[in-house]
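I have a structure here, written as structure tokens, and I will follow up with some questions on it.
The values are calculated or read from the model by the stated rules, or taken from the named source; none is laboratory data. Nothing here was measured: the structure is a model prediction, and the numbers come from that model. As a convention, Cβ positions derive from the backbone with ideal geometry for all residues, glycine included, and neighbour counts pool all protein chains shown. To get the accessible areas, we keep the full protein, side chains included, count just its heavy atoms, and leave off ligands, DNA and RNA. Shrake-Rupley method; radii C 1.70, N 1.55, O 1.52, S 1.80 Å.
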Amino acid sequence: MFEAKTYIRRRDFLKKQVQNGLILLLGNDDSPMNYAANTYPFRQDSTFLYFFGLDTPKLAAVIDVDEKKDTLFGDDIDIEDVIWMGYLPTVQERAVAVGIKLTAPLKDLAGLLRDALAKGRPVHYLPPYRPETFLRIEALLGIKPEEAKAKASPGLTKAIAAQRSLKSDQEVAQIELALKTTFKMYVSAMHMAQPGIFEKDIAGRIDGLAIADGGLTAFPTILTKNGQILHNHSHSNKLKKGDLLVVDAGGQSPLGYAADITRTVPVGGKFASAQKEIYEIVLKAQETAIKSMKPGVRYRDIHLLTARVIAGGLKALGLMKGDVEEAVLQGAHALFFPHGLGHMLGLDVHDMENLGENFVGYDESIQRSAQFGLAYLRMAKELREGHVMTVEPGIYFIPALIDKWKKENKFLDFIAYDKLARYRNFGGIRIEDDVLITKDGHRLLGKPIPKTPAKIEEAVKI
Ligand code: GLY
Ligand code: MN
């Protein structure tokens, strides 16, 4: 974990934003796979990690804003735990390590919250996302599971989203550690992208590299020759020469920070000319987006700039037509680029998505669009120094969507449906990097991973 002073500073800052009442922050528990003792790998709640740094289950904390007191709730382990799981320092010792003086057993938490509520003091909590947390909130605060999200504190949620959005140097260093692991994952994936191998062979290897570096993957690896399925988690296909393999993966740093990279590689090491043409458009779109990233620019505007590069490139190939500006304004490009340009990155791969995208990527100055494609933007508001963003444009040929739009005669002025037949089995291409917003521009994070067609072809060659 970081030094105690980091967590003390973070909690003190939060107290100033929330101003009164109690803040209840719940750690995660182990999650059973098929019976209670057989669990998924433990993942601590990211907000709990951010303010308390303790990466084990069965912990909770209360920040008393009025009395400026932080209390860690947890139970010391007993001899049974020592026999089966090994030694763990006492709750008191672990609290001290993160700058907390007060500790109490978990059984005291409900009483403390009941007393506060009886005195009319506000108890702020965040929207839950795990089923057991909904039940815990009911047990602790008497709020029914179906109301628990709606009754979460908007003030606390907004304050934490704002605070966690601005990454400190030590957080950026953690993301770069995750990227170091991710670099190794990509070198290996590219090298392995050869005819005759299965997707699962590569996925297993690169996930193993993340585990071997001491962490987990930051999210389930996407590795597929069906890149047109945006979040395809099947790894069952055998690869053949000429397939386009989309790999969207990332490691996690020792303190839980994520990396999120995507590369698209030609199996066997040579892009076909039609593949290279589309690849070059996506690459130009991504590089144009990155170049324009700096404080004060709305990410929605950069998304739209990217969309114009994509529409312009597809027009040059004869797949789109008409006025590019107008096509993007009306949303015609979303047939090929139906998702947002990117999202914040931090302790979560989609950072703070559990707090609500509208708190993280939008503010009073910018509302979510209702237009297909634009509606999915996770981040639309102005960039600020300290934001870490993914930049991940793509071009996809999604047969079901093409058929639907064609049947509906959608955007006949902008889409050359007759030319699309040749691309029906093309798949998809996405390119993604992680970028820090600096005082007057941006910095690409991590050691560059091969990205130009020439560098990728070189990396795939055995
Ligand atoms: N890496 C998966 C995503 O950004 O959704
Ligand atoms: Mn991403």
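Using the basic label-point model (7 angstrom from Cα toward the beta carbon), what is the LEU88 to HIS191 distance in nanometres?
3.8 nm
Now, a different point. Arrange the peptides 295-306, 349-360 so that the one whose residues have, on average, the most other Cβ atoms within 10 Å appears first.
349-360, 295-306
Moving to a separate point now. What do you get for trypsin sites (Lys or Arg not before Pro) in region 9-109 restricted to DSSP loop and a cutoff of at most 10 other Cβ within 10 Å of the site's Cβ?
LYS68
In region 356-400, what trypsin sites (Lys or Arg not before Pro) fall in a loop by DSSP, with at most 16 other Cβ atoms inside 10 Å?
ARG368, ARG384
Further question: Can you give the Rg to Rh ratio for the chain, taking only C-alpha atoms and Rh from Kirkwood?
My calculation of the ratio gives 1.01.
Within region 190-216, list the residues whose amide N lies under 12 Å from a label point set 7 Å along Cα→Cβ of LYS241.
Label zone hits: 195-196.
SER369 to LYS439: extension gain in nm, 0.36 nm per residue of separation minus the Cα-Cα distance?
Net length gain for the segment: 22.3 nm.
Taking a 24 Å limit on the Cα-Cα distance, which of the listed pairs LYS68/LYS158; LYS291/LYS406; LYS119/LYS151 fall beyond it?
LYS291/LYS406
At 222 nm, what value in deg cm²/dmol follows for the chain if DSSP H runs of at least 4 each add -39500 (n - 2.57) and the sum is divided by all its residues, to the nearest 500?
Helix contribution divided over all residues of the chain: -11500 deg cm²/dmol.
Quick one: putting +1 on the C-beta of Lys and Arg, -1 on the C-beta of Asp and Glu, what dipole do you get for region 18-73 around its Cα centre, in Debye to the nearest 20?
Once rounded to the nearest 20, the dipole reads 100 debye.
Which listed residue (TYR257, GLY21, VAL246) has the Cα farthest towards the positive end of the charge dipole for the chain, taking +1 on Lys and Arg C-beta and -1 on Asp and Glu C-beta about the Cα centre?
Result: VAL246.
If you stretched the chain out fully between ASP323 and ASP81, how much longer would it get, using 0.36 nm times the residue separation minus the C-alpha to C-alpha distance?
Residue separation times 0.36 nm, minus the Cα-Cα distance, leaves 80.4 nm.
Based on the Cβ-Cβ distance of SER292 and GLU385, what FRET efficiency does E = 1/(1 + (r/R0)^6) give at R0 = 22 Å, to the nearest 0.05?
Approximately 0.90, to the nearest 0.05.
Which of the peptides 436-449, 218-231 is most tightly packed, and how do the rest follow, judged by the mean count of other Cβ atoms within 10 Å per residue?
218-231, 436-449
Next question. Whenever you get a sec, compute what percent of the accessible area on region 267-424 sits on carbon and sulfur atoms (1.4 Å probe).
Whole-percent figure for carbon plus sulfur exposure: 51.
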